[in-house]
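First the structure, in the form of structure tokens, and then the observations on it.
The values are calculated or read from the model by the stated rules, or taken from the named source; none is laboratory data. In this text the structure is predicted, and so the values were computed from the model without any measurement. Neighbour counts are summed over all protein chains in view; Cβ atoms, including those assigned to glycine, are modelled from backbone coordinates with ideal geometry. We work out accessible area using only protein heavy atoms, side chains counted, and drop any ligands, DNA or RNA first. Shrake-Rupley method; radii C 1.70, N 1.55, O 1.52, S 1.80 Å.
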Amino acid sequence: MENLKQHFSRASMLEKIIYINIAVFVLELLISSFTGLYRSQLNFIDQWFALSSSLDAYITKPWSIISYGFLHAGFFHILFNCFALYIFGRLFTEYFTQKQLLNFYLLGTIFGGLFFLIATNTFPFFLGKSLILVGASAGVYAIMVGIATYIPNYELRIPLVNLYIKLWQLVAFFIVMNLISLSGSNGGGHFAHLGGALFGFLYVSRASNKELNLFENISKWFKRDKSNLKTVYKSDNPTPRRKDTLRKSDNQKKIDEILDKIGKSGYDALTKEEKEFLFKQGNQK
């Protein structure tokens, strides 16, 4: 146990999310084995932590809108989700931070849960049915669509067939498959997938920069910003003197280098001198 604790503490955020999902799944199997002896259809974990389509049940278990994202219905369910999370999560952390990965996973899960509740309590197809939602898919879709929105032309290699496909094409395929399956046997789950995907797209396409803090900036989600994701500092002087042009060009080059560093490693990775330089440039009149 001590070795497991040390390994978990050293793991990346992506690995920790996968480990937690696997641990919860194993616990589900053990509990199901015992509850099955009493012919119980749902084990204790599903009863208290899965998201129910009943609004009355949700009110008594409000935490389920997040906790369902760590539960799974079977071996292939968790296998596919963890595999997709690993592939797209690694790519995500090449351009975003580990903390942002967790935020996308949790907020995507919440958006997916909201879509599930709205759909199952609105469309006649779901009325009269008692449904529960489990799975990390909504969080995975948030990460997958988020990174596809940021680098749509990035090419992924498909193993075995040695085929390369652009990220936006692969994500578009998954989205279309979900759309045509909304009235299927897992229609509620597909609505959850689309909810997570919508969060990933809206945040990356409309955020003013790549910095993401959980539950902060929510009011800015639907504010369109025509600038690039990275912040650009410009001089307010409309007629700079010619002798200052070269110096300002050098400063802008240094600013771009610092912003690239922030994009790859986060603001905390900057040195004290870089932070002071960026602060001074940002406050120049």
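Here the simple spin-label model places points 7 Å from the Cα toward Cβ, and for Trp168 and Thr122 these points are separated by 2.7 nm.
Taking 0.36 nm per residue of separation and subtracting the current Cα-Cα distance, fully stretching the chain between Ser183 and Leu160 would add 5.0 nm. Residue pairs exceeding 28 angstrom between C-alpha atoms, taken from Lys99/Lys166; Lys16/Lys253; Lys99/Lys275; Lys99/Lys254: Lys16/Lys253.
The slack in the chain from Lys253 to Lys5, taken as 0.36 nm per residue of separation less the alpha-carbon distance, amounts to 84.9 nm.
Computed from the Cβ-Cβ distance with R0 of 35 Å, the FRET efficiency linking Glu15 to Lys280 stands at 0.35. Where a ≥ b ≥ c are the square roots of the eigenvalues of the C-alpha gyration tensor, would you call the stretch 1-145 rounded, which needs a/c under 1.5, or, failing that, prolate if a/b is larger than b/c, or oblate? Judged from the Cα gyration tensor, the stretch 1-145 comes out oblate (a/c at least 1.5, b/c at or above a/b).
Among the chymotrypsin sites (Phe, Trp or Tyr not before Pro) found in the stretch 48-119, those both in a DSSP coil and sparsely packed, with 15 or fewer other Cβ atoms within 10 Å of their Cβ, are Trp63.
When the Cα convex hull of the stretch 103-203 is projected onto planes of every orientation, the mean area is 6.9 nm².
In a fully extended conformation the segment linking Phe75 and Ile59 would gain 2.8 nm over its present Cα-Cα distance, using 0.36 nm per residue. With the whole protein complex present, Lys166 retains an accessible surface near 70 Å², based on a 1.4 Å probe.
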